[in-house]
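Read the structure below first, then the notes.
The values are calculated or read from the model by the stated rules, or taken from the named source; none is laboratory data. Keep in mind that what you see is a predicted model, and the values were worked out from it rather than measured. Here the Cβ is made from the backbone with ideal geometry for all residues, glycine too, and neighbour counts use every protein chain on show. Protein only, heavy atoms only, side chains kept; ligands, DNA and RNA dropped before computing areas. Shrake-Rupley method; radii C 1.70, N 1.55, O 1.52, S 1.80 Å.
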Amino acid sequence: MAEPTRLVEPAASFASTDFWRRLTRGVRGHDDHPLMLVGLVENTARYDLRCNRCESVLVEVLVERAAA
């Protein structure tokens, strides 16, 4: 199984239309498969884009939070 792609995303653009385009751009071979974005804990900065059919992680997303 291939290693997942890693995507670092600024918090300001997380879940935007452009984010979804970048997230799915590199996903190959899963065109008709149901995909799911999963946060691993509440209030997380790390998410996985998973293929439900293949049960694999396709993209690991790290959301960069603005400095306080």
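If you roll a 1.4 Å probe over the heavy atoms of the protein chains, what accessible area per residue do you get for the chain, in Å²? Let's see the in-between values first.
Details: 4910 Å² over 68 residues.
Counting only protein heavy atoms, the per-residue value for the chain is 72 Å².
Per the Kirkwood formula on distinct C-alpha pairs, the Rh of the chain is how many angstrom?
Numbers: mean 1/r = 0.0799 Å⁻¹.
About 12.5 Å for the chain.
If I model a spin label at SER13 and ASN52 as a point 7 Å from the Cα along the Cα→Cβ vector, what separation in nanometres do I get?
Simple spin-label model gives 2.8 nm for this pair.
For region 27-39, what does the Karplus curve 6.51 cos²θ - 1.76 cosθ + 1.60, with θ = phi - 60°, yield as ³J(HN,Hα) per residue in whole Hz, taken in order and with x for Gly and Pro?
7, 10, x, 10, 4, 9, 8, x, 10, 9, 8, 10, x
Hey, what number do you get for the chain at 222 nm if only DSSP H runs of n ≥ 4 count, each worth -39500 (n - 2.57), divided across all residues, to the nearest 500? Don't jump to the answer; show the numbers that get you there.
Values: 1 runs with 9 residues, N = 68.
Here the helix-only value at 222 nm equals -3500 deg cm²/dmol.
Mind grabbing the accessible area of THR24 for me, 1.4 Å probe, Å², rounded to tens?
Only protein atoms counted, so the area is about 60 Å².
Per-residue HN-Hα couplings for region 52-65, Karplus 6.51 cos²θ - 1.76 cosθ + 1.60 at θ = phi - 60°, whole Hz, x for Gly and Pro?
5, 6, 8, 6, 10, 8, 9, 9, 9, 10, 10, 8, 7, 8
Taking a probe of 1.4 angstrom, what is the accessible area of LEU37 in Å², to the nearest 10?
So the heavy atoms of LEU37 present about 50 Å² to solvent.
Leaving out ligands, DNA and RNA, what percent of the accessible area of the chain is carbon and sulfur, probe 1.4 Å? Provide the component values of the computation, followed by the final result.
Numbers: 2490 of 4910 Å².
Of all accessible area on the chain, carbon and sulfur atoms account for 51 percent.
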